[in-house]
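Throughout, read-outs are computed from the coordinates displayed, never taken from laboratory work. As the structure is a prediction and not an experimental result, all values here were calculated from the model. Cβ: placed from backbone, ideal geometry, glycine included. Neighbour counts: every protein chain shown.
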Amino acid sequence: MSVAHILRGAVSCAIQAPSSHNTQPWRFRRRGEVLELWLDRERHLDVVDPLKRQALMSCGCALYNARVAIRAEGWTDKVELFPRSADPDLVAELRLGLPRAATNDDRALLSAIPRRHTNRRPFLDRPVSTEDADELIRAARAERTRMFRLSPQRKQELAELVAECDRRRFADPAYRAQVGEWLVPAGRLRKDGIPFAEKEFGTPAWFGVKRALAQPDLGAQLGAIEEDRVIGAPVVAVLSTQADEDIDYVDCGQALEAVLLRATILGLAAAFVDQLLEYEDLLARVRALTGVDMMPQMALRLGHAPPLARVAPRRDLHDVLDESD
Ligand SMILES: Cc1cc2nc3c(=O)[nH]c(=O)nc-3n(C[C@H](O)[C@H](O)[C@H](O)COP(=O)(O)O)c2cc1C
């Protein structure tokens, strides 16, 4: 198989990665045997994600999938993050390394890519074994990120912070407006955004989106729902990095996708509760919950859940990949 063909396959895996509000904030360019991953600034949500943490983390998730695809084709992967200081939006260059035999684990990760979906439902009252949780922790560590599983007491504390975050963010009209642009009612042909029916509130219809976002106590309602879901999750975890630079966001994104694919293989569902990290005081309290002096970048709940009724759409390969040669 040609290198171009393998890299194209890597992009088709990359674009199935999770992204903040399903913005899919990435572009790919193949130059000969090099695949470039660019942050698409036009898809960055400045109100929701002022530091670009979530956008770069999303790119990290996409990069991880591309690497999985290359390894499953029987090659090592070579990655350079932020290779050109003059081009800060060039997140990574990816190349094939040396030929090697693909392992069963490579193939398992590859087959988990299309089966991984964010599942925001309440999780079933079924525990997750320590062995499984430890596997997730190891998957994060391999990507230079620490994953902390919170004790029941700390989980309760995090749940209260998540509820406080929801009350604050939905009190902000600019936040509501930006989030509203990425909630997609049933029947739309958009290939990005979150299908509204999959969110915690409302009906799938267009008026349902409008009506939900107009409710003055939306933050309190959502906060209460999220609080219960965090408390009811068998695993609540925080992913943290040593530093807080763009490169750490990309690394944490790679770790996040590594954890999510591993969770998929183990039959676990996952949902994100990271918005609270955008508030400095809440972030400081999450950091205290982990008990170490590292930067929390993501909070997740994991457990068992019934399958989803519908999944989030994606843009097509030709919308995001430029092959100039
Ligand atoms: C960095 C990042 C942050 C996210 N934050 C949230 C969140 O706060 N709430 C939420 O419901 N989903 C969150 N998501 C999940 C996305 O909404 C989801 O990945 C996207 O809609 C695509 O759906 P899929 O994951 O099912 O493919 C986040 C995803 C990423 C990568």
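Structure notes:
- Taking Cα centre as origin and charging only the Cβ of basic (Lys, Arg, +1) and acidic (Asp, Glu, -1) residues, the dipole magnitude of the range 3-116 rounds to 220 debye.
- Selection from Ala312, Cys61, Ala139 lying farthest towards where the dipole of the chain points positive, charges on Cβ: Ala312
- Full-stretch length increase - Ala284, Thr130 - with 0.36 nm per residue and alpha-carbon distance subtracted: 52.7 nm
- Trypsin sites (Lys or Arg not before Pro) within the range 113-144, DSSP loop, no more than 16 other Cβ atoms inside 10 Å: Arg115, Arg144
- Total lysine pairs under 25 Å (Cα atoms) in the chain, excluding pairs fewer than 8 apart on one chain: 7
- Separation of the Ile225 and Asp293 label points, Cα + 7 Å toward Cβ, nm: 4.0 nm
- Counting beta carbons within 10 Å around each of Cys252, Cys165 and listing the fewest first gives the order Cys165, Cys252.
- Computed FRET value (nearest 0.05) for Ala102 with His318, which takes r as the C-beta separation and R₀ as 22 Å: 0.25
- Between Ala140, Ala233, Ala214, the Gaussian network model of the chain with springs among Cα atoms under 10 angstrom shows the greatest mean-square fluctuation at Ala214.
- For the chain, the dipole from Cβ point charges (+1 on Lys and Arg, -1 on Asp and Glu) about the Cα centre works out to 860 debye, to the nearest 20.
- Label-to-label distance, nm, for residues given as Gln178 and Arg211 (7 Å Cα→Cβ offset): 2.8 nm
- Residue exposure sequence - Leu256, Leu189, Leu213, Leu183 - by fewest surrounding Cβ within 10 Å: Leu189, Leu213, Leu183, Leu256
- Mean sequence separation of contacting Cα pairs (under 8 Å, at least six apart), scaled by the length of the chain, corresponds to a relative contact order of 26 percent.
- Helix 218-231 axis versus longest C-alpha principal axis of the chain: approximately 70°, rounded to the nearest ten.
- Helix 152-169 vs. the chain, principal-axis angle (Cα, 0 to 90°, nearest 10): 80 degrees
- Taking the charge dipole of the range 1-102 about its Cα centre, with +1 at Lys and Arg Cβ atoms and -1 at Asp and Glu Cβ atoms, the residue from Phe82, Leu94, Gln24 reaching farthest to the positive side is Leu94.
- Computed from Cα atoms, the angle from the helix 246-265 axis to the main principal axis of the chain rounds to 80 degrees.
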